[in-house]
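K.L.:
Structure below; questions to follow.
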Amino acid sequence: MVLGALLGAIVTFIISLLVGGLGIYAGAKLITGSGGFEKAIWTALFCALGWGVVSLAVGWIPFLGGLLATVFGLIVYLGIINWRYPGGWVNAAGIALVAWLAAAVVLTLVAPLLPVGAGAVGIAGV
């Protein structure tokens, strides 16, 4: 039973990472014309880790934790995209926006085929 739950969690994480990577790949190709799918997968993983660290660092603060985690998390998220792809902060924001839209479309279209809880790792707000 525990092994089945662990396997389900791993499969859900991998699917969610692939969806997040696909979104970032689409954004990077459309905005900058550069980057491969493997780079997008790593970027999605780094973005998820960065957002998670920020949430752990400031999310516990009473009343303001959620707001601070969102604002600083978004800055870190855009900073990681800016670090991984050329073009500066404006291109990073464009990549993030296209990634969000692409991941939302993919998840909407294939949601019945995905395990419950599948999302888009590395895409803010999806």
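What follows draws every value from the coordinates through simple rules; no lab data is involved. Quantities reported herein were computed from a predicted structural model and do not represent experimental measurements. Methodologically, a virtual Cβ is constructed for each residue, glycine included, from the backbone with ideal geometry; neighbour enumeration extends over all protein chains shown.
K.L.:
Relative to the present Cα-Cα distance, how much length would full extension add between Leu114 and Leu6 at 0.36 nm per residue of separation?
P.N.:
37.2 nm
K.L.:
Let me ask something else about it. What does the charge count near Ile24 come to, summing +1 for each Lys or Arg and -1 for each Asp or Glu among other residues with Cβ under 9 Å from its Cβ?
P.N.:
After counting each charged neighbour, the total is +2.
K.L.:
Given the Cα-Cα distance of Phe13 and Glu38 and 0.36 nm per residue of separation, how much length would full extension add, in nm?
P.N.:
Working it through step by step, the gained length comes to 7.4 nm.
K.L.:
Can you compute the modelled spin-label distance between Ala104 and Leu49, with each label point 7 Å from Cα toward Cβ, in nm?
P.N.:
2.8 nm
K.L.:
Is the chain best put as rounded, prolate or oblate by its Cα gyration tensor, with a ≥ b ≥ c the root eigenvalues, rounded for a/c under 1.5, and otherwise prolate when a/b is larger than b/c, oblate when not?
P.N.:
oblate
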